Amino acid sequence: MRVGVNAQLLSFAASYRSAGVRRYIWNLLAGLHASGAHDYTVYYPGGAVPAALGPRPGCVWRSARLPTGGPWGRLVWEQLFQPIEVWRDRVEVLHSPAYAAPLVSSARQVLTVHDLSFLRLPDAFNRANRLYLGMLTRLSARRADRIIAVSGATKADVVRLLGVAADRVHVVYNGVEPSFRPVSESALAEFRVRRGVVDEYVLYLGTLEPRKNVTTLLRAYARARQSGELRQRLVLAGGRGWRDAPCFQLVKELGIEDAVHFAGFVPFEDQPFWYCGASVFVYPSLLEGFGFPILEAMACGTPVIASNCSALPEVAGDAAMLVAPTEVDTLAAAIIRVVQDPGLADDLRSRGLRRATLFTWESSVARTISVYESARASV
């Protein structure tokens, strides 16, 4: 069977575009490349093919004929040019790994939906993105032979909000890379010196955007500092996203400029060190289709506090302290409790390390291949 994969979002830029969806595509391609189960064609923006995914029998890379860095160029390529390429390449199953699929195609279609935050939290998106994602995801979901949802929570949203039959939606969890693991004290000490990182800090790592609820974290952190029970600084690490200005403004309003460090975009290779060096990782997101950061933090042996909504409890299990994301006092108390109770922190570390072993990319890719085979056999 020949599988086609739309990899137009395979970005290596130092920005939020290198976050979850890019990671998903990269690990999917690496797994397909390693498995050898089927032949595949990758439709990508162009440029050098990553060395790790270099030539192998049955693997073909096709560069786009249009600039696909923006949504409208990508839309034109996906709907007009991609169907022709798929037909010429005799692709039997086409995987669209990020919401949008061609509405006409000679191949069976598999669509991945990571979350439906643009429908559930529309005010967290600008109008153009909301309309683009809402329209194309609805149409693509109705056209797809099979849909992959990255969690049970996302599947429930797809069925409820897009009107898709539950038996067409398959839950395939994401994995965590082996590089996310506890690091040695000497390696961590070297990283601290190299990056000028303080000894103790509370960490958030993710895009700065309204859906991530960073402003509630800032208020909770300020309250915990004011109580005198928290001395750790707060590190906000991650690329700047849509409507992030309130985060910077709030730091000034709360008078915590000296206690908050905006680390900016963190290269992938540095992320395990940031996790491992933290006293606690806090992720108060309002909605997640999966929640890579809490899984990464657990894999690194870092205690986790996360929201008790959407897919986060599903990923965290009993390995994180879960709190209501909008309750400032509750979040502040949770941060204080974890940093002041070594026994609790150690228990969360142990539980997190065990929990993280349940999520592997090998398992994710194997299940995805099964969905391809199911789509091909569908009538």
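Computed values, structure above
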{"quantity": "The lone exception for Val86 - which of (1) in contact with a helix residue (DSSP H, G or I) (Cβ under 9 Å, 6 or more places away or on another chain); (2) under 22 Å from His170 (Cβ atoms) it fails", "calculated": "(1)"}
{"quantity": "Selection count where residues are assigned to a strand (DSSP E or B) and either within 18 Å of Tyr221 (Cβ to Cβ) or without any contact (Cβ under 8 Å) to a residue 40 or more places away in the chain (or both), scope segment 240-280", "calculated": "6"}
{"quantity": "Number of the condition not met by Leu218 [criteria: (1) touching a residue at least 60 places away in the same chain (Cβ under 8 Å); (2) surrounded by 14 or more Cβ atoms within 10 Å (Cβ to Cβ)]", "calculated": "(1)"}
{"quantity": "From Gly47, Gly58, residue being in contact with an Asp or Glu (Cβ under 6 Å, 6 or more places away or on another chain), at pLDDT below 90 and surrounded by fewer than 18 Cβ atoms within 10 Å (Cβ to Cβ)", "calculated": "Gly58"}
{"quantity": "Of all residues in segment 353-379 being in a helix (DSSP H, G or I) and under 18 Å from the mean Cα position of the chain (by Cα), the one that is farthest from Pro97 (Cα to Cα)", "calculated": "Arg355"}
{"quantity": "Single residue of segment 124-162 satisfying the filter (part of a strand (DSSP E or B) and touching a residue at least 60 places away in the same chain (Cβ under 8 Å)) that is farthest from Leu94 (Cα to Cα)", "calculated": "Ala149"}
{"quantity": "Qualifying residue in segment 288-299 (condition: in a strand (DSSP E or B) and aromatic (Phe, Trp, Tyr))", "calculated": "no"}
{"quantity": "Whichever residue in segment 349-379 is of a type in the set (Ser, Thr, Tyr) and out of contact with any Gly (no Cβ under 9 Å at 6 or more places or on another chain) and, among such residues, is nearest to Gly277 (Cα to Cα)", "calculated": "Thr357"}
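So that you can scan it fast, the table gives a plain yes or no per residue for (1) in contact with a His (Cβ under 9 Å, 6 or more places away or on another chain); (2) assigned to a loop (DSSP other than H, G, I, E, B); (3) at pLDDT 95 or above:
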residue	(1), (2), (3)
Val164	no, yes, yes
Asp167	no, no, yes
Tyr173	no, yes, yes
Pro178	no, yes, yes
Val183	no, yes, yes
Ala189	no, no, no
Arg192	no, no, no
Asp199	no, yes, no
Leu203	no, no, yes
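The values are calculated or read from the model by the stated rules, or taken from the named source; none is laboratory data. Quantities reported herein were computed from a predicted structural model and do not represent experimental measurements. Counting neighbours? That spans all protein chains shown, and the Cβs are built from the backbone with ideal geometry, glycine included.
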